[in-house]
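Input: a single structure, listed below in structure tokens.
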Amino acid sequence: MRSVVGIDAAWTVGQPSGVALAKETGDGWELVTVAASYQQFHARADNTLIAEVRPLGSIPVAGDLLHSCRRLCGGSVDLVAVDMPCHTSRLRGVEQRMTPFHALMEDISAAPIAQAPKDRGA
């Protein structure tokens, strides 16, 4: 069966990076585990480790991550997906231009609805 690990890499080594592992089963895809840091992910794979109570940042070691994945899903990883900042400035140009849009969307989504929409007979 296939497996996928996803990493939401932090902007800095001092911040934790999230890790998720999923595997394919006979009934479809199954989430194996999700962790808020590399250390917590390794602790899920190795019961001799104690998971951090408060996730801390660290430098990932690819071989160690893949080893933990093998222990958790019983086989090799077929795909690694990484959401990683690739720029050194605090906000990239696109993010700077999108920030006002995101703020507007948050305001709209948080606004109370005065009246429920009418049934359109769908």
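Observations
- Residues in region 30-68 that are farther than 13 Å from Val5 by Cα, in contact (Cβ under 8 Å) with a residue 12 or more places away in the chain, buried (at least 17 other Cβ atoms within 10 Å of the Cβ) and of a type in the set (A, V, I, L, M): Ala36, Ala45.
- Some residue of region 2-9 being surrounded by 14 or more Cβ atoms within 10 Å (Cβ to Cβ) and modelled with pLDDT under 90: yes
- Evaluation of Arg92 against (1) at pLDDT 80 or above; (2) surrounded by 13 or more Cβ atoms within 10 Å (Cβ to Cβ); (3) out of contact with any Lys or Arg (no Cβ under 7 Å at 6 or more places or on another chain) (one fails), failing number: (1)
- Residue in region 35-55 that is touching a helix residue (DSSP H, G or I) at 6+ places or on another chain (Cβ under 6 Å) and in a strand (DSSP E or B) present: yes
The values are calculated or read from the model by the stated rules, or taken from the named source; none is laboratory data. Predicted, not measured: the structure shown is a model, and the values here were computed from it. In this analysis, Cβ positions are derived from the backbone assuming ideal geometry, glycine residues included, and neighbour counts consider all displayed protein chains.
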